[in-house]
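Laboratory data are not the source of any read-out in this text; all were calculated from the coordinates shown. Owing to the predicted nature of the structure, the values given are computational and were not obtained by experimental measurement. Here the Cβ is made from the backbone with ideal geometry for all residues, glycine too, and neighbour counts use every protein chain on show.
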Amino acid sequence: MLVEESHGDVVVLVPEGRLVMGGPAEEFEKRVQDLFGEGKKAVVADLHKVTQVDSTGIRGFVRGHTTAQKVGGRFALCEEQYSVQLVLEITRLNTLLELHPSLQDAIESMPGKK
């Protein structure tokens, strides 16, 4: 399941459960790409409901980051559960991706916030 919310010009995606191969991760990645394709410049993934992530979910995070850079936008993750934080640390993506401790912090860091 993927919930989408708008906060001014910031789009917040809230995936739920496991961001793994076989559906949820691909759906998340496609929606992030579609949003940037539609001209959105600020996308936040609120991960507080994500319990697990595999390489397919990680690919969605990295593609979101690189696409945002290509279009002059921003892509951030926030409120990762410990299991997701651990994967990001092991892969060292915590040094590449934009991470925020809270949704409010992520929204306030974005252009076009309310």
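Label sites at D9 and R63, each approximated as a point 7 angstrom past Cα along Cα to Cβ, lie 2.5 nm apart. Amide H contacts of R74 (H built 1.01 Å from N, in plane; Pro and chain starts excluded): A42, V43 sit under 5 Å, all sequence-distant by 5 or more or on other chains.
Counting Lys and Arg as +1 and Asp and Glu as -1, what is the net charge of the other residues whose Cβ lies under 13 Å from the Cβ of L99? Result for the local shell: -4. The mean sequence distance of close C-alpha pairs (under 8 Å, at least 6 residues apart), as a share of the length of segment 2-109, puts its relative contact order at 26 percent. Comparing V53, V62, V71 in a Gaussian network model of the chain, where Cα atoms under 10 Å apart are tied by springs, the biggest mean-square fluctuation is seen for V71. Neighbours of T51, meaning other residues whose beta-carbon lies under 15 angstrom from its beta-carbon, give a summed charge of -3 when Lys and Arg score +1 and Asp and Glu score -1. Highest mobility in the GNM of the chain, judged by mean-square fluctuation with C-alpha springs under 10 Å and restricted to T91, T51, T66, is found for T91.
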